[in-house]
Amino acid sequence: MRKVYMDYAATTYVKNEVLEEMMPYFTEKFGNPSSFYSISRETKIALDKARNRVAKALNCLSSEVYFTGGGSEADNWAIKGIASANKEKGNHIITTKIEHHAVLHTCEFLEKHGFEVTYLNVDKEGFVNLEELKNSITDKTILVSIMFANNEIGTIQPIKEIGSICREKGVIFHTDAVQALGNVKIDVQDMNIDLLSLAGHKIYGPKGVGALYIRKGIKIDNLIHGGGQERARRAGTENTASIVGLGKAVELAMENLEEHSKHLVKLRDKLIDGLLKIPNTKLNGPIGDRRLPGNVNVVFEYVKGDSIILNLDFAGICASSGSACTSGSLNPSHVLLAIGLPKASAEGSLRLTLGDDSTEEDVDIVLEVLPPIIERIRGASSP
Ligand SMILES: *Cc1c(COP(=O)(O)O)cnc(C)c1O
């Protein structure tokens, strides 16, 4: 059976060029970058190279890039670090109802420790209302955290506009760009971004490695205390091989950005058109260039997402009913509820996300296999 992988938003494989650059750092180039002999200098130089590659992709200084243990850690650091370092100024944080749990659960944690959080609504397509954002900022607001692109429904926020609102009001702006990187152009200068999170395993790099961009001069406390690594801001011996892999993956993502998104958009729109031919099917999220190139999310009325995923798995197709973090639990996706879907509809959602290796044939297979599955499930559940 031909396997079709359509869950690239959950994670990607590691590209061969990335793995090749990583390999020596497990074996002969194993030196601790903090030591003072030649094999350590080698690893130190490799870290600098990775940092430069990330900086170039974001248009920031390499001294503003800090490597972390993934996207979740970068989000946690940004939010907790800003909160604790700026609590004299205020205790108010603004975010949205459709953030990744790495942001939402961090905010909920801070609420238990005296912070106040505003969770902005989004419209039917998942967009933040800029007026609502402006009106929510008070003298006590110390941070706005709004994701660049949503992992479930693909909505790309007007980040530049959000950035200028925050800059005008003198509020620090963090964005989770884990899904945006490699799919959308990012420029932290032009977009007035103060902090930005990214992760390796969503862009054909390794898992468990990411980075946080922190604009020079931003007041932030450390999350991981210990040694002097990452300019004494993120302790722990560097995950050298993975950082090298992240750097290479970021570089490739930048080189391939246009070709990659064009390829995905073509497949995405073909898949969307085909899926919407199934009766009682609706698209979640926007269309066109305000949607992530590889993201498809639909709701099949009168169907439960879990049974679709299982049936697709039997047919060799890997898909998701929302974000990987919520699958397995019975709660409907917080993102789908925030865009106004009733609970029952949100349970019948399907996310298919495309990647570099996706083909027209993959799309054809899904469009052939899925309609009878939906029909069968609906038939079985009708009275
Ligand atoms: C995957 C993801 C994360 C978490 O990144 P990890 O590296 O898995 O910790 C955070 N935010 C978004 C939008 C993501 O898609």
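Rule-based calculations on the coordinates, nothing more; no lab input. In this text the structure is predicted, and so the values were computed from the model without any measurement. A quick note on method: Cβ atoms are made from the backbone with ideal geometry, for glycine too, and the neighbour counts reach across all protein chains shown.
Here is a yes/no grid of residues against (1) buried (at least 20 other Cβ atoms within 10 Å of the Cβ); (2) within 22 Å of G71 (Cα to Cα); (3) in contact (Cβ under 8 Å) with a residue 60 or more places away in the chain:
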position	(1), (2), (3)
G245	yes, yes, yes
L275	yes, no, yes
N280	no, no, no
I287	no, no, no
V298	yes, no, no
K304	no, no, yes
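Within segment 105-127, does at least one residue satisfy the condition of being within 12 Å of the ligand (Cβ to nearest atom) and within 24 Å of the chain's Cα centre (by Cα)?
Within segment 105-127, one or more residues are within 12 Å of the ligand (Cβ to nearest atom) and within 24 Å of the chain's Cα centre (by Cα).
So the check is Cβ under 7 Å with 6+ separation or different chains; which pairs have a first residue in segment 175-202 that's at positive phi and a second one that's more than 11 Å from the ligand (Cβ to nearest atom) and aromatic (F, W, Y)?
N192/F173
State which residue is farthest from the ligand (Cβ to nearest atom) when the search covers only segment 135-180 and only residues that are assigned to a loop (DSSP other than H, G, I, E, B), within 22 Å of G210 (Cβ to Cβ) and among the polar types (S, T, N, Q).
Q157
Testing K80 on (1) over 23 Å from the mean Cα position of the chain (by Cα); (2) among the basic types (K, R); (3) within 16 Å of the ligand (Cβ to nearest atom), one condition comes back false. Which one is that?
If we test K80 against (1) over 23 Å from the mean Cα position of the chain (by Cα); (2) among the basic types (K, R); (3) within 16 Å of the ligand (Cβ to nearest atom), just (1) comes out false.
Just give me the residues in segment 199-220 being over 14 Å from the mean Cα position of the chain (by Cα), assigned to a strand (DSSP E or B) and of a type in the set (A, V, I, L, M), in sequence order.
I214
From the set of residues in segment 108-164 that are among the acidic types (D, E) and touching a residue at least 24 places away in the same chain (Cβ under 8 Å), which is surrounded by the fewest Cβ atoms within 10 Å (Cβ to Cβ)?
Among them, the one singled out is D139.
Exactly one of these conditions fails for G200: (1) crowded, with 22+ Cβ neighbours inside 10 Å; (2) more than 16 Å from the ligand (Cβ to nearest atom). Give me its number.
(2)
Can you tell me which residue within segment 5-25, out of those that are among the hydrophobic types (A, V, I, L, M, F, W, C) and more than 18 Å from P293 (Cα to Cα), is nearest to the ligand (Cβ to nearest atom)?
V14
Which one of E64, E28, E99 is of a type in the set (D, E), more than 16 Å from the ligand (Cβ to nearest atom) and in contact (Cβ under 8 Å) with a residue 60 or more places away in the chain?
Result: E64 is the single residue among E64, E28, E99 that is of a type in the set (D, E), more than 16 Å from the ligand (Cβ to nearest atom) and in contact (Cβ under 8 Å) with a residue 60 or more places away in the chain.
Can you name every residue in segment 82-101 that is surrounded by 23 or more Cβ atoms within 10 Å (Cβ to Cβ) and assigned to a helix (DSSP H, G or I)?
I82, A83
On the given criteria, is T43 more than 25 Å from the chain's Cα centre (by Cα), more than 16 Å from the ligand (Cβ to nearest atom) and surrounded by fewer than 22 Cβ atoms within 10 Å (Cβ to Cβ)?
Answer is no for this residue.
Looking at the structure I just gave you, is N192 assigned to a loop (DSSP other than H, G, I, E, B) and more than 13 Å from the ligand (Cβ to nearest atom)?
Yes; evaluated as a whole, the condition is true for this residue.
Can you find a residue in segment 119-134 that is of a type outside the set (D, E, K, R) and in a helix (DSSP H, G or I)? It would help to see each step written out before you state the result.
Our first condition is that a residue be of a type outside the set (D, E, K, R); within segment 119-134, this holds for 119-122, 126-130, 133.
When the remaining residues are screened for being in a helix (DSSP H, G or I), the result is 130, 133.
Within segment 119-134 (the criterion being of a type outside the set (D, E, K, R) and in a helix (DSSP H, G or I)), the answer is yes, since at least one residue qualifies.
Among what's in segment 207-219 and is touching a strand residue (DSSP E or B) at 6+ places or on another chain (Cβ under 6 Å) and not hydroxyl-bearing (S, T, Y), pick the residue that is nearest to the ligand (Cβ to nearest atom).
Residue satisfying both the conditions and the ranking: G210.
Could you check, for segment 47-58, whether at least one of its residues is within 16 Å of the ligand (Cβ to nearest atom), in a loop (DSSP other than H, G, I, E, B), under 27 Å from I162 (Cβ atoms) and in contact (Cβ under 8 Å) with a residue 60 or more places away in the chain?
So far as segment 47-58 goes, no, none of its residues is within 16 Å of the ligand (Cβ to nearest atom), in a loop (DSSP other than H, G, I, E, B), under 27 Å from I162 (Cβ atoms) and in contact (Cβ under 8 Å) with a residue 60 or more places away in the chain.
Any residue at all in segment 221-244 that's part of a helix (DSSP H, G or I) and within 14 Å of the ligand (Cβ to nearest atom)?
Yes, that holds for at least one residue.
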